[in-house]
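Only one structure is covered here, and it is reproduced in the block below.
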Amino acid sequence: MKTLVLNKPLASVETPLLAVLVAQGSVPKIEENLQRAIASGDYKGKKDETLLVYGSGTAERVLLVGVGKVSEITRTSIRRAAAIAAKRARSLGTKTLALAIAKEARGSLGAAELAQVAIEGTAQGGWQFTELKKQPEDPKPELESVELIVDAGDKDEAEAGRRIGDAIAAGYLLTRNLQMQPGNVCTPRYLAEQAKKLAEQHQFGVTILDLAQIKKEGMGALLAVAQGSAEEPRFIVLEYSGGTGAPIALIGKGVTFDSGGISIKPALNMEDMKFDKSGATAVLGTFEVLGRLKPKINVVGLIPATENLPSGTAIKPGDVVKSHLGKTIEIINTDAEGRLILCDALSYARRFKPAAAIDAATLTGAVVIALGHHAIGMLGNDEVLLAEVRDAGERAGERCWPLPLWDDYRELLKSDVADIKNSGGRAAGTIAGAWFLREFVDSFPWVHLDIAGTAYLEGEGVSHAKGPTAIGVRLFTEFLLKRAGA
Ligand code: BES
Ligand code: MN
Ligand code: ZN
């Protein structure tokens, strides 16, 4: 998707579709045919409210998209409205979209962030995945370009925002397309190949540990999960060096398919467990953004990648394995595999002496029970970092909500035979998962993001296609850009 910032009177924009974001109660009279709808009160500009008219001027169609009340406008409202516009462009099949934001609809946002989030939104709404269909029903062309129409005085700032929005859009696309790949395509080796490709494109450092090297490294917990599968695991390390000082470690759960293993999952919706690599793909998408924006910061990406399958060689409930850190783990439930592979990644992260580590993982079904599909469950060992991550999530429109990591919960994971067990049962499932990880975090600030409820959507949304959301890419990017002082 090409993006462009233009300064032009709306009345002279030549386009198949001009979308104008408008605020409730102050809809500008930009097009003759719209005037009656607005004057009659039929169209008010409420949140998500749209009106499409066939133009009498240079724009073939004009689409109004409501962002809601002026006092409630945030980055999220603009992103969402832009996504609705792009979705409509998709369904109309217009290939290009011109987008303007009426003055009242800008709230108190600056020109740079308006441009950034508008582009993020169009990338979100314009996405579709047809690559595995020989004959897509009702095929529609890609949204090839988006023109942002801005005031003359805003052009430079908007251009700066466009650059960021563009990079995020690219990361976002990479992540969603990877998320969407089925387990027979996206294997641990495939994920490693993608990481290598990214590294070549953007000159990142890359290290891929294969099975033998993972064994040599002593990652017993990752190996335990992988041992039931014919596909070999990989441990992926990406390094972006753009600044000085200790790096930020981004760690992503890369279970390319989670059947549950011997503690097998029910068949209903099991196909969604191809999305169990969403933490990993968010890290890869963020590296795409880093490669494009080149902020002044150092970042390492760590991805433990494996399948979780039942077989004659699979781990069994009751098995005890030795982790990379040296702690022994009693495996109560083979379906609590995410924490097993992540604990070895957290332990591996020590060698980088990270300034902070953030992991993203589709870790627990319990987070869906707690927060539904609207927030990431957030836990960690450092209040300052927690606040910083939460803030980044607000800016990104990827909201995080804290859950407590009180000492009392550690009891859930007491094992009779080993240092820790990998499941504490149904109570406080998300907290127990995070407590398990915390046991493997050695002397660096760390935040865990449980994205099981937000990594993919089961139905079509107003501003979102059904399926993968690329959650994490925007949050990570906002976090890193702020840290880099950009
Ligand atoms: N990948 C799942 C979590 C998940 C659930 C992701 C729903 C997306 C949607 C994870 O590996 C898992 O199976 N967790 C178990 C942990 C339990 C056995 C302690 C769970 O949540 O049931
Ligand atoms: Mn599982
Ligand atoms: Zn899983």
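A few remarks follow.
- With neighbours defined as other Cβ atoms within 10 Å of a residue's Cβ, the residues Glu32, Glu159 order from fewest to most as Glu32, Glu159.
- Under 11 Å, Cβ to Cβ, from Gly261 - net charge with Lys/Arg +1 and Asp/Glu -1: -3
- Gain in span if fully extended, Glu159 to Arg399, counting 0.36 nm per residue against the direct Cα distance: 83.8 nm
- Computed over region 2-151, Kirkwood Rh from alpha-carbon pairs, angstrom: 15.3 Å
- Panel order for Phe275, Phe479, by other beta carbons found within 10 Å of each beta carbon, from fewest to most: Phe275, Phe479.
- Label point 7 Å beyond Cα of Lys482 along Cβ direction - residues of region 368-393 with amide nitrogen under 17 Å: 376-393
- Placing a pseudo-label 7 Å from each Cα along the Cα-to-Cβ vector at Val185 and Lys140 gives an inter-label distance of 2.0 nm.
- A simple count of charges around Leu325, restricted to other residues whose Cβ falls under 10 Å of its Cβ and scoring Lys, Arg +1 and Asp, Glu -1, yields -1.
- Region 1-18 and region 291-305 have Cα centres lying 34 Å from one another.
- Relative contact order computed over region 181-339 (Cα-Cα under 8 Å; 6+ residues apart), in percent: 32 percent
- Size of region 1-71 as Cα extents on the principal axes (Å, biggest first): 31, 26, 18
- Secondary-structure-derived ellipticity at 222 nm for the chain, considering helices only, amounts to -10500 deg cm²/dmol, per-run term -39500 (n - 2.57) for DSSP H runs with n ≥ 4.
- Largest-first ellipsoid semi-axes for the chain, taking √(5λ) over the Cα gyration tensor eigenvalues, angstrom: 43, 22, 21
- Summed residue charge, Cβ within 10 Å of Gln24's Cβ, Lys/Arg positive, Asp/Glu negative: +1
- Stretched out straight at 0.36 nm per residue, the stretch from Ser12 to Leu92 would grow longer than its current Cα-Cα span by 26.7 nm.
- Length available on full extension from Leu52 to Ala427: 0.36 nm per residue minus the Cα-Cα distance, which gives 130.0 nm.
- Annotation: amide H-H contacts under 5 Å for Gly461 (H modelled 1.01 Å from N, sequence separation of 5 or more, or interchain): Lys466.
- Theoretical FRET efficiency, 1/(1+(r/R0)^6), r = Cβ-Cβ of Val320 and Ala387, R0 45 Å, to 0.05: 0.75
Every read-out reported here was derived from the displayed coordinates using simple, explicitly stated rules and does not represent laboratory data. Since we're looking at a predicted model, the values are computed, not measured. A quick note on method: Cβ atoms are made from the backbone with ideal geometry, for glycine too, and the neighbour counts reach across all protein chains shown.
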